[in-house]
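The values are calculated or read from the model by the stated rules, or taken from the named source; none is laboratory data. This one's a predicted model, so the numbers in the text were calculated from it and none came from an experiment. Reconstructed Cβ throughout: ideal geometry from the backbone, glycine too, with neighbour counts over all protein chains shown. Surface areas here come from the heavy atoms of the whole protein model, side chains and all, with no ligands, DNA or RNA. Shrake-Rupley method; radii C 1.70, N 1.55, O 1.52, S 1.80 Å.
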Number of protein chains: 2
Amino acid sequence: MNRSGFEKARKKAGELVSKMTPYEKISQLLYTSPAIERLGIKEYNWWNEAAHGVARADTATVFPQAIGMAATFDPELIYEVGDAVSDEARAKYNKNVQFGDRGIYKGLTFWAPNINIFRDGRWGRGQETFGEDPYLTSRMGVSYVKGIQGDGEYLKAAACAKHFAVHSGPEHTRHVCDTKASMKDMWETYLPAFEACVGAGVAGVMGAYNRTNGEPCCAHSYLMEEVLFKKWGFDGYFVSDCGAIYDIANGHHFTETAEEAAALALKKGCNLNCGNTYEKLTDAYEHDLITDDDLTKAAVKLYTIRALLGEFEEQRPYSDIPYSKVNCKKHRELNLKTARQSVVLLKNEYNFLPLKDKYRRIAVIGPNANSIRALEGNYNGRSAEYVTVADGVRRVFSGAEVSVATGCLLISTRGGDGEELLSGALAAASEAEVTVLCLGLDSSVEGEEMNYEADGFYRGDRTTSYLPKPQIKLAEAVCRVCENVVVLVMCGSAADLGEKVNKEAKAVLHLWYPGALGGLAAAEILHGDVSPSGRLPITFYRGDAQLPDISDYSMDNRTYAYGEVEPLYPFGYGLSYTEVEYKKAGVISEDTDTLTLAVTLENKGDHGTYEKAQVYAHFTDSRTKTPKYRLCAVSSVRLRPGEEKTVEIKADKKFIKAVLDSGDRAEPDKEVTLYIGGHQPDKTSEKLCKTKYLMLNLRK
Amino acid sequence: MNRSGFEKARKKAGELVSKMTPYEKISQLLYTSPAIERLGIKEYNWWNEAAHGVARADTATVFPQAIGMAATFDPELIYEVGDAVSDEARAKYNKNVQFGDRGIYKGLTFWAPNINIFRDGRWGRGQETFGEDPYLTSRMGVSYVKGIQGDGEYLKAAACAKHFAVHSGPEHTRHVCDTKASMKDMWETYLPAFEACVGAGVAGVMGAYNRTNGEPCCAHSYLMEEVLFKKWGFDGYFVSDCGAIYDIANGHHFTETAEEAAALALKKGCNLNCGNTYEKLTDAYEHDLITDDDLTKAAVKLYTIRALLGEFEEQRPYSDIPYSKVNCKKHRELNLKTARQSVVLLKNEYNFLPLKDKYRRIAVIGPNANSIRALEGNYNGRSAEYVTVADGVRRVFSGAEVSVATGCLLISTRGGDGEELLSGALAAASEAEVTVLCLGLDSSVEGEEMNYEADGFYRGDRTTSYLPKPQIKLAEAVCRVCENVVVLVMCGSAADLGEKVNKEAKAVLHLWYPGALGGLAAAEILHGDVSPSGRLPITFYRGDAQLPDISDYSMDNRTYAYGEVEPLYPFGYGLSYTEVEYKKAGVISEDTDTLTLAVTLENKGDHGTYEKAQVYAHFTDSRTKTPKYRLCAVSSVRLRPGEEKTVEIKADKKFIKAVLDSGDRAEPDKEVTLYIGGHQPDKTSEKLCKTKYLMLNLRK
């Protein structure tokens, strides 16, 4: 774990565990670890969440949902977010302990980030991820982990990379399915972010519910034994997803009994059970399916983490972080900054935006116009303050008359589409000079496994990337009565507004789930106080695009790397209010892992911006199929109006390699070109952005 | 209806109805009245709501819930609210018609106000009323009706006094029960507000679900035929509560069949059926249970209202009210003004409030700290803007650090009390110099007939006036860790915080459901920008007070007039930040109905205020029991710091009369004294307020 306190902590863990009976050890391998009073050990509940802020424990800063953080294309910023999250975690923990609350969601072991590859936009939990690209996911994952964990002797808080390793829907089959991945896809797409996080010292790894290539992910010979422990040398703790050990026997029928499932998982290296199947380890121990040594090994792993968190220190580390840090002003400012950079401007006809103070009458319409839930996303905390889009517009456009209407329900329900809301929306839109139409979804319809089906939705997942019909109907009607319509979409993945609205809307902003202050960020962008700078971390396909089945885990025809369908908006895409020219680029140094480029950019417009410089590798290889393009560097460059700046950008050479069918990486045996610019160098991006790229031929 | 356009409208109605077949007439007696194309008549849906703002039709100004409006003790202010409501109603209607939306909640016939007497604080719908006093309810009801209806030739919108006449819970028996009321109680308590509204020209009266003294309220010989139509000469329309005609046969078994129920109600004078039982009028007509003349009579009543609303005019009245009136700035200001005056300061130990800028660290804690629903109450619209208490405190105390925590669930649930929320609340409170503890209920637990039971709650009603146990537990815990606790209660009726918290809280403010901007009003009061001026429109009994059963409609031991239990806080009570001395009072004129007093008040403190001057009559009579006190005048007097003012206050002589057992009013045959002051002249008020009253002996 690359942490100075590690050996000391492991020693402490060994001492403590050595005093435990086998049964005591077993008790400590469940997430609800009871106290062992004779050893002075307090109870500890391992389950806590922090996908984008401390979650499920009332007040905390609610940062943009992970997919929105990815859209910032700014790993340094996401490090700051992680750092703020763990400040709040410690501040809360210090008080929880003081008031004797050691329950669920009160500890320091966070089961975040979710670094699964969002390979299919219909996955309901895609919102929790950093998108479809292994490089971007690696960078964001590592930044978030480092921010959460800090770099001291002790862990500030413990992060956990999940769900190891090939897991991205569909939700309704997760307890029974077997995700098939070739070695090439595994090593090219699914594993790099996990490898990067392990390399960065992540404290935990969580196994997925499903099987991969035949074996359950919480008891996997290859993924756990071969790769994670042996090849990568992971020395943190491994936890099952919640109920996943139960699934080994009852979902996958991989073992006959729960007892065998528990024994198997323990032996394969799953140290902690979220769930209660490890209670069966008692039987397993008595039936000689496991040994005291197996128990000791697991318990020591867990106690090493607890020791690294400082639980057993008289003077607990980080105990001086005061409760007032929770959702404090500084964190709210960081939240706003992150939200501003997460918003992606998808369309801006004739530079309709920014609105400035040109309009006196503004209507804010739609099911997400005044929605708090659509700010939050899933796995969320509760902010002390929310600014909905309606709130934000009212605040920023203080001289305008702002009317608000809901217009329709989020989705079609048995009770209808909310048709009775339409006339009010048309009333507002018809009297407005500009309508800000707030569409999208929220975590009540898109998210983790739900017992819920509706038109366009299946148990947490989506079945199309079209927005729900009631919303498209509303949008079309609003476009008929108001000339100037700007669409804001709050949604965890892609959204297609349909041909008519795509055409008739003057501008489209994609907000993801932008966090507690997201409505303010959006309003500032609408007004022009801030230039939008987010970029798409996933490809936006048209609603009915011919994509592979969601349960097909092959990367063929998936993501920008191997996609064959012309997208609506490509990965890496996003407009701004200014024009940045890439003037010059060259390699200035190189080592085993990294290629350092010097790139000169000029902001030719009159808005300041954060330019999201991107470097894509294009290469071919005679031995295997290669991606069309592969992102290998990102950098967020702050540019004032008119400013010219030369920056160093480090490209990760791992992503300029061909991944052979064996899974091994190799230097491409044909040409290698780098594309440096503000977007992906694909045809659709070129058409949409009308910007130029710099090209560097590395060889040949 | 005392309206210049009435005769013209009735003529128009007669003409239209004369062209209809009996079957067409029947179709028009249902709230979903279909179009009659051959006569050029459009469809009309009669059902709309506006208890405290246009309700159930998306955006509208959400004023304080009716019980909070009553607490302002300011009928002129409530007239302004009604006027704003009907402006919004017309603005919406004009657009609804333009966009062809004539559905439910889109018309101009509002089934408000609810002027039932809130005789038992456990009634879930008590929040919709103007409290327990017949005089105050009359004044508020009349003001709201006049505000909604306007005084033009045409009705701006149509109000409806409900639920005629003896109706105030319990919710779960409303479809089957018989409320028993003596003639004395009827005329002294239950009927005056209806009589006043009819006298003020209310367009509609709605019959209750229940029976009263044996007969269903939508087919009542005495209440409808004798009193409403004959004695009071009511010439507006009578509508059944929704489903109440069905109940006549199926709930009350007062008739054998639904057909007979429909026929009976129609004959007794119920013109419109909310529900669908009047479809059976077709059978009733064919079986000669009703005549064409019965149908004509009902249809003419309804068409008179539609004509008075201007539906059949080429140039529709009020069609120039623009949509921008809906939830406009002016209405939001009026909303805030109303909320400010609705808040009642119940306790203020050693003048702990106002807080001014004395404290740097403020915690806002409790299940209603950041609740929007608790601002709204039931029968509500949706505001374009909400300011929760947390929002308000952050805005008003801009120099302070404001932390927020939920602390517990609103009520005990099967899943627990939200114990896991406690430590966060204690963390926030323990670091705060002052804690603003936001308790109470919301319309998810207190309101109209619900299929819902929980500790302290039974199907919409409450079973105690103690706040739910989780909240009392939270409050006690917070009082232990924070010295300075101010409790804010959002609730539709009384709330007892329990002995400990009543004692330990430095101050208690009762907010009712204070409307969309209620959190701002509360914060301004906490800070001292506004002095609280609300007064209790109901008696607050202690949580376990020995009160009659909720289904007992006798006024014995009910309300401040006949209550025998010493209250926690009495009717008419409410503190302020200033001291107003009542210096002089005398009768300056008298006519048949009114006694005009001149009262001199002096604001002796340094806060401006709205003083709620109250006049109570005390009288005895040898023939019957008389109330201890009876409110007969209220006046809201704006006083600057130090200002002395003499105002005229008109007392309603109706309420200075004894109501005999026959129901007749008579001059009391013994002494009559008026008490003039800022509170009720009872012992508890004297103890709590330490203020003096002026007394006027009218006779003897």
Please state the relative contact order of chain B as a whole percent: Cα pairs under 8 Å, 6+ residues apart?
15 percent
Normalise the Cα radius of gyration of the range B:215-293 by 2.2 N^0.38 Å (N = residues in it) and let me know the number.
1.02
The range A:305-420 - Kirkwood radius from inverse mean 1/r over Cα pairs (Å)
18.4 Å
Would you work out if the range A:258-313 is rounded, prolate or oblate? Take a ≥ b ≥ c from the square roots of the eigenvalues of the alpha-carbon gyration tensor; rounded if a/c is under 1.5, else prolate when a/b is larger than b/c, oblate otherwise.
prolate
Please go through the range A:507-607 and write out the trypsin sites (Lys or Arg not before Pro) that DSSP classes as loop and that have at most 16 other C-beta atoms within 10 Å.
A:Lys604
Per residue, how much space in cubic angstrom lies within the convex hull of the C-alpha atoms of chain B?
144 Å³
Once the mean of 1/r over all distinct C-alpha pairs in the protein assembly as shown is inverted, the Kirkwood radius in Å reads 34.3 Å
So, for chain B, what is the accessible surface per residue at a probe of 1.4 Å, expressed in square angstrom?
34 Å²
Treating the angle as unsigned and between 0 and 90°, give the value, to the nearest 10°, between the Cα long axis of helix A:258-268 and the longest Cα principal axis of chain A.
90 degrees
How much length is gained on full extension from A:Glu453 to A:Lys230, taking 0.36 nm per residue of separation minus their Cα-Cα distance?
76.0 nm
Consider all pairwise Cα distances in the range A:247-346 and report the whole-number % of them above 24 Å.
53 percent
Most positive-pole-ward Cα, A:Leu264, A:Val198, A:Ala545, against dipole of chain A from beta carbon charges
A:Val198
HN-Hα J in Hz across the range B:528-534 - Karplus 6.51, -1.76, 1.60, θ = phi - 60°, x for Gly and Pro
x, 5, 9, 8, x, 9, x
Leaving out same-chain residues fewer than 8 places away, which lysines sit with a Cα under 18 Å from that of A:Lys503?
A:Lys347, A:Lys469, A:Lys473, A:Lys687
Could you name the aspartates and glutamates in cross-link range of B:Lys500, using Cα to Cα under 13 Å and dropping any fewer than eight places away on the same chain?
B:Glu476
Filtering GluC sites (Glu not before Pro) in the range B:263-371 by DSSP loop and by at most 15 other Cβ atoms within 10 Å leaves B:Glu313, B:Glu314
Mind listing the phi-derived Karplus ³J(HN,Hα) values for the range A:350-361, rounded to whole Hz, using 6.51, -1.76 and 1.60 with θ = phi - 60°, and x for any glycine or proline?
6, 6, 4, 8, x, 6, 6, 10, 6, 10, 9, 10
Each label sits 7 Å from Cα toward the beta-carbon; between A:Asp283 and B:Leu698 the label points are separated, in nm, by 8.5 nm
Evaluate peptide B:109-121: per residue, the Cβ atoms of other protein chains within 10 Å of its Cβ; return the mean as an integer.
0
Ordering A:Lys12, B:Lys268 by accessible area with a probe of 1.4 Å, largest first, what comes out?
A:Lys12, B:Lys268
With Rh as the Kirkwood radius over Cα pairs, the range B:87-204 has Rg/Rh of 1.04
Antiparallel %, DSSP beta bridges [both residues in the range B:323-473], to 5:
35 percent
Place a +1 charge on the Cβ of each Lys and Arg in chain A and a -1 charge on the Cβ of each Asp and Glu, then give the dipole magnitude about the Cα centre in debye, rounded to the nearest 20.
1500 debye
Per q in 0.17, 0.29 1/Å, what log10 I(q)/I(0) does a Debye calculation on the alpha-carbon atoms of the range B:501-571 return?
-0.80, -1.34
Which whole number gives the average, over all residues in B:413-421, of C-beta atoms from other chains lying within 10 Å of the residue C-beta?
2
Enter the mean number of other protein chain beta carbons within 10 Å of the beta carbon of each residue in B:422-433, as an integer.
6
From largest to smallest, what semi-axes in whole angstrom does the range B:1-60 give when each is the square root of 5 times an eigenvalue of its alpha carbon gyration tensor?
26, 18, 9
With R₀ set to 35 angstrom, the calculated FRET efficiency between the beta-carbons of A:Lys297 and A:His253, to the nearest 0.05, is 0.80
Please identify every one of the trypsin sites (Lys or Arg not before Pro) in the range A:18-98 that sits in a loop by DSSP and has no more than 13 other beta carbons within 10 Å of its own beta carbon.
A:Lys19
Relative contact order (percent, whole number), the range A:343-538, Cα cutoff 8 Å, 6+ residue spacing:
34 percent
Past the 24 angstrom mark, what percentage of all C-alpha to C-alpha distances in the range B:1-132 do you count?
45 percent
Here the alpha-carbon Rg of the range B:343-538 over 2.2 N^0.38 Å rounds to 0.94
Using protein heavy atoms only (no ligands, DNA or RNA), what is the total accessible area buried between B and A, 1.4 Å probe, nearest 100 Å²?
2700 Å²
Residue among A:Leu16, A:Leu660, A:Thr646 farthest towards the positive dipole end of chain A, charges placed on Cβ
A:Thr646
With +1 on the Cβ of every Lys and Arg and -1 on the Cβ of every Asp and Glu, the dipole magnitude of the range B:3-324 about its Cα centre, in debye rounded to the nearest 20, is 340 debye
Out-of-range pairs (alpha-carbon distance over 25 Å; input A:Lys162/A:Lys268; B:Lys325/B:Lys612; B:Lys325/B:Lys645; B:Lys184/B:Lys301):
B:Lys325/B:Lys612; B:Lys325/B:Lys645; B:Lys184/B:Lys301
At R0 = 45 Å the Cβ-Cβ FRET efficiency linking A:Lys584 and A:Ala666, nearest 0.05, sits at 0.90
Which ³J(HN,Hα) values, rounded to whole Hz and listed in residue order, are derived for the range B:418-426 from phi using the Karplus coefficients 6.51, -1.76 and 1.60 in 6.51 cos²θ - 1.76 cosθ + 1.60 with θ = phi - 60°, glycine and proline given as x?
x, 4, 5, 8, 5, 4, x, 5, 5
Cα gyration tensor, the range A:3-324 - rounded (a/c under 1.5), prolate or oblate
oblate
Which length gain, in nm to one decimal place, applies between A:Glu483 and A:Val176 when the Cα-Cα distance is subtracted from 0.36 nm times their residue separation?
105.5 nm
By the Cα gyration tensor axes a ≥ b ≥ c (a/c under 1.5 gives rounded; else a/b larger than b/c gives prolate, otherwise oblate), the shape of the range B:580-698 is prolate
Please work out the FRET efficiency for the pair A:Glu76 and A:Gln315, using the Cβ-Cβ distance as r and a Förster radius of 25 Å; give the result to the nearest 0.05.
0.20
Going 7 Å from the Cα of B:Arg638 in the Cα-to-Cβ direction, what parts of the range B:517-541 have a backbone nitrogen less than 20 Å from that spot?
B:521-522, B:524-525, B:528-535
